[in-house]
Amino acid sequence: MDSKSSERFLNIHATARVQSSSSYSSEVVIFQNYHEEILLQDKRSGSVFESLGSYPDHLLEGSTLSLDVDNFTPAYIFRRLAKELNDYDLSWDITRRIFPESQRRDLPQDKPLFITVLVESTRKLYFQREEMCAICLDDFESKPVCILPCCFHQFHRECICEWIDRRGHDSCPLCRHPVQ
Ligand SMILES: [Zn+2]
Ligand SMILES: [Zn+2]
């Protein structure tokens with residue numbers, strides 16, 4: 001569908017503390033969360049009308065990665081991350097957070113560190129707003145809009161709710177794709 005585009009936004013936080021005394025090596029634990037946000041865009045200006053909400057990304061699941069590390073030099077951390085994540089950009093972004101955190105002046109430099117990294121990754125999906133709702137043939141200006149996740153067709157929220165709930169249909173009124 002050519003009226004659809006997407007962008008990725010990353011939000012990364014790293015926090016370091018001294019490793020508990022029972023452990024001997026430094027450790028990095030990375031938590032990754034993936035979301036997708038659906039946004040409606042004006043056809044001509046490209047400006048965003050409204051957000052239809054943010055959901056866990058159904059294509060990707062959250063993951064946790066735990067690494068024992070020898071040191072916190074950027075080259076070493078990057079090499080370890082790139083091997084595990086298979087993503088050079090993301091690996092550099094995380095390395096750029098880990099290195100300064102490991103150098104924090106309130107941390108003793110001779111003790112192993114435990115660094116947790118939280119990666120929030122949001123895929124923003126942009127859809128051009130259609131002219132009108134195919135159920136009631138009225139425009140989209142006045143009422144809240146809903147996009148069907150199965151086929152990305154747009155309707156007024158109240159129109160598609162009535163179509164599915166009250167009239168008992170189980171498919172998209174435009175393309176008949178089954179609605180889960
Ligand atoms: Zn409608
Ligand atoms: Zn459809």
- Query: Can we say ARG104 is loosely packed, with under 12 Cβ neighbours inside 10 Å and either among the charged types (D, E, K, R) or in contact with a helix residue (DSSP H, G or I) (Cβ under 9 Å, 6 or more places away or on another chain) (or both)?
  - Reply: no
- Query: Is it fair to say LEU85 is more than 12 Å from ligand 1 (Cβ to nearest atom) and buried (at least 17 other Cβ atoms within 10 Å of the Cβ)?
  - Reply: yes
- If PHE140 passes every condition in (1) within 9 Å of ligand 1 (Cβ to nearest atom); (2) closer than 16 Å to LEU52 by Cβ; (3) modelled with pLDDT of 90 or more but one, which one does it miss? (3)
- Item | Matching residues, the range 17-43, being out of contact with any helix residue (DSSP H, G or I) (no Cβ under 8 Å at 6 or more places or on another chain) and hydrophobic (A, V, I, L, M, F, W, C) | VAL18, VAL29, PHE31, ILE38, LEU39, LEU40
- The condition of being in a loop (DSSP other than H, G, I, E, B) and among the small types (Gly, Ala, Ser) holds, among SER51, SER5, SER20, only for SER20
- Task: Test CYS175 against the criterion of being surrounded by fewer than 15 Cβ atoms within 10 Å (Cβ to Cβ), under 30 Å from LEU10 (Cβ atoms) and not basic (Lys, Arg), and give yes or no.
- Result: no
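A quick yes/no check of all residues on (1) touching a Lys or Arg at 6+ places or on another chain (Cβ under 8 Å); (2) part of a strand (DSSP E or B); (3) assigned by TED's automatic domain parsing to the domain that holds GLY53:
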site	(1), (2), (3)
THR122	yes, yes, yes
CYS150	no, no, no
GLU158	yes, no, no
ILE164	no, no, no
LEU174	no, no, no
- How many of the residues in the range 143-173 are within 12 Å of ligand 1 (Cβ to nearest atom) and farther than 15 Å from GLN41 by Cα? 10
- Message: Could you list, ordered by first residue, the pairs with Cβ atoms under 6 Å in which the first is in the range 152-166 and closer than 17 Å to PRO178 by Cβ and the second is in a strand (DSSP E or B), at least 6 apart or interchain?
- Response: PHE155/CYS146; ILE160/CYS146
- Item | Criterion (farther than 25 Å from ARG157 by Cβ and touching a helix residue (DSSP H, G or I) at 6+ places or on another chain (Cβ under 9 Å)) met by exactly one of LEU85, LEU60 | LEU85
- Message: Being in contact with a Pro (Cβ under 8 Å, 6 or more places away or on another chain) and either more than 30 Å from ILE30 (Cβ to Cβ) or of a type in the set (A, V, I, L, M, F, W, C) (or both) is true for just one of ASP138, ASP170. Which residue is that?
- Response: ASP170
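Quick one: would you say SER66 is among the polar types (S, T, N, Q), in a strand (DSSP E or B) and in contact (Cβ under 8 Å) with a residue 40 or more places away in the chain?
No; evaluated as a whole, the condition is false for this residue.
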- If you go through the range 88-110 one residue at a time, do you hit one that is within 23 Å of SER6 (Cβ to Cβ), part of a loop (DSSP other than H, G, I, E, B) and either away from ligand 2 (no atom under 16 Å from the Cβ) or free of Cβ contacts under 8 Å to residues at least 40 places away in the same chain (or both)? no
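The values are calculated or read from the model by the stated rules, or taken from the named source; none is laboratory data. Values in this document were obtained by computation on a predicted structure and should not be read as measured data. Counting neighbours? That spans all protein chains shown, and the Cβs are built from the backbone with ideal geometry, glycine included.
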